[in-house]
Amino acid sequence: MKKNLKNKTLRTLDALTHQGLIKENDLPQLEKVVETFSLAITPTMQALINKNNPHDPLAKQFIPDVRELTHTAEELSDPIGDDVHQKVKGIIHRYPDRCLFLPVSVCPIYCRFCFRREKIGGVDGALSPQELDVAFEYIESHSEIWEVIITGGDPFILKPKSLQKIIDRLNQITHIAVIRIHTRVPVVDPLRINLDMIHALRSEKAVYVLLHANHVQEFTAEAIHACAQLINAGIPMLGHTTLLKGVNDSVEVLTELMRFLVKNRIKPYYLHHADLAKGTKHFRTTLAESQALMKQLRGRLSGLCQPTLILDIPGGYGKVPVGHQYVHWDGDQYKIEDYQGEFHTYLC
C-alpha cells in the first residue's frame, strides 16, 4: 500500500519509490547520489512529472540519476569560484559594484545540475543573527557596492518577516541602489508568493526578481498567478535559464519558453551554458552547440525574447557573453554576418 504523500515535499528515495518516480532496483546506486547531493521535490513539480515519459524534462531536472556519480576530470566542487570570492560568511564579492548575499542555504526543490549542489541543503539552513550582522557590516563598509543580489539557496523560502528584515536593513545602506532576488519559488512552490511576501519586498530601492525557469512545462496556473502578483505590485521580473541537454537544448523548446516568458511580462536575461559541477556531464552541451542554438534564436525571435548566452569562467573569473560571433575581420575589412548566414562588407 502506497503512503499518502499528496501535498508533501518528497525528501527521501523511499518517498520517490512509493510515488513511482524511481525504481526499487536503482535504490543502491541512488543512495550514493543523495548522500552527496540534496533531494527535495515540491508537490507542484511532482504533479507535473510524467512518469510514463522517460524523456520528461521535469523528471530529468529533479529526480536523482545514477549518472550523477560519474565525475569527469574537468568538473569541480566549486565550479564558479564562490569560495575564492567569499569575504565573510554569506557574502561573495566577485565584481566591483555588486555582491552576492546568501542568507539561506536551503531550497524548496533541488535541481540535479545545480552549481552549488554540494553546498546547499546543509544543516545550517540560514545565517545566524550574528552572521547576518557581519554580512551587513561588510556591505556597509564597501561603498562601491551598488547592487546586492540575494540568492542562496532560495531567498523566497524564508518567512516573509525574515525577508522583510533583510530588505529593511539594506534600505538603510545609502550606497545600495538595487536589490536583486534570484529564485525558483514562483514556479516550483508558487503558493509562497502571497500578500505577506509581496509586502516584504516593499523597498525604497529598486527591487528586481530573477526567475529561474528552464522549460515551459514548469508553469502551472498558480505559477503564472504568482509571477503576475509580483509584477502587478511593481516588481520587474527577469528570467534566467540553464541550457540543459535533453531538457531544453532545442530551438523549438527555447522559442516556446522565451516567448512564454515575454508574454507573461518576464524579460529573458541570461541563458547559462551549464557549469562544470560534479556529476553533470549528461546535462552539458558543448559551447559550439550552445552558440548554434543562440544563432537560431537570433534569426527567428523578437529582440524582447533574446537572452544573453553566458559562460561562468571556471575558477571564479566571472561571467562573459559567449554567443555567436557576427563580426569577422578578413585582414582588410569587416565582414558582418546577418541572421540568415549571409556576409556583408562593413568599412568602419
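Derivation of every value follows stated rules applied to the coordinates shown; laboratory data play no part. What you see is a predicted model; the values in this text were computed from it and never measured. Note that each Cβ is placed from the backbone with ideal geometry, even for glycine, and that neighbours are counted across all protein chains shown.
Could you name the aspartates and glutamates whose alpha carbon sits less than 19 Å from that of Lys87, not counting residues in the same chain fewer than 8 places away?
Asp78, Asp97, Asp124, Glu131, Asp133, Glu137, Glu140, Glu144, Glu147
Only helical DSSP H runs with n ≥ 4 go in: add -39500 (n - 2.57) per run for the chain, normalise by residue count and round the 222 nm mean residue ellipticity to 500 deg cm²/dmol.
Helix contribution divided over all residues of the chain: -8500 deg cm²/dmol.
Report the FRET efficiency, 1/(1 + (r/R0)^6), for Trp146 and Asn50, where r is their Cβ-Cβ distance and R0 is 41 Å, rounded to 0.05.
Approximately 0.40, to the nearest 0.05.
Which of (1) 160; (2) 137; (3) 128 is the computed volume of the Cα convex hull per residue in Å³ for the structure on display?
(1)
Please report the relative contact order for the chain, taking Cα pairs under 8 Å with a sequence separation of at least 6, and give it as a percent rounded to a whole number.
Rounded, it is 15 percent for the chain.
Taking +1 at the Cβ of each Lys and Arg and -1 at the Cβ of each Asp and Glu, which of Thr36, Asn50, Ala73 sits farthest along the dipole of segment 1-81 towards its positive end, judged by Cα position relative to the Cα centre?
Towards the positive end, the residue furthest out is Asn50.
For the chain, with only Lys/Arg (+1) and Asp/Glu (-1) charged at the beta-carbon, what is the dipole magnitude about the Cα centre, in debye rounded to 20?
Dipole about the Cα centre, nearest 20: 1040 debye.
Between the alpha-carbon centers of segment 214-288 and segment 66-100, tell me the distance in whole angstrom.
21 Å
Stretched out fully, how many nm does the piece from Glu337 to Ile231 gain, at 0.36 nm a residue minus the Cα gap?
34.4 nm is the gain from fully extending Glu337 to Ile231.
Give the residue from Pro321, Thr286, Ile63 lying farthest towards the positive end of the charge dipole for the chain; charges sit on Cβ (+1 for Lys and Arg, -1 for Asp and Glu) and the dipole is referred to the Cα centre.
Positive-most Cα among the choices belongs to Ile63.
Quick one: length gained pulling Asp133 to Tyr95 fully straight, 0.36 nm per residue minus the C-alpha distance?
Going from the current span to full extension adds 11.5 nm.
Which of the lysines could a cross-linker span from Lys335 if the Cα-Cα distance has to be under 30 Å and same-chain partners fewer than 8 positions apart are dropped?
Straight-line reach from Lys335, under 30 Å: Lys295, Lys319.
Give the residue from Gln333, Leu163, Tyr269 lying farthest towards the positive end of the charge dipole for the chain; charges sit on Cβ (+1 for Lys and Arg, -1 for Asp and Glu) and the dipole is referred to the Cα centre.
It is Leu163.
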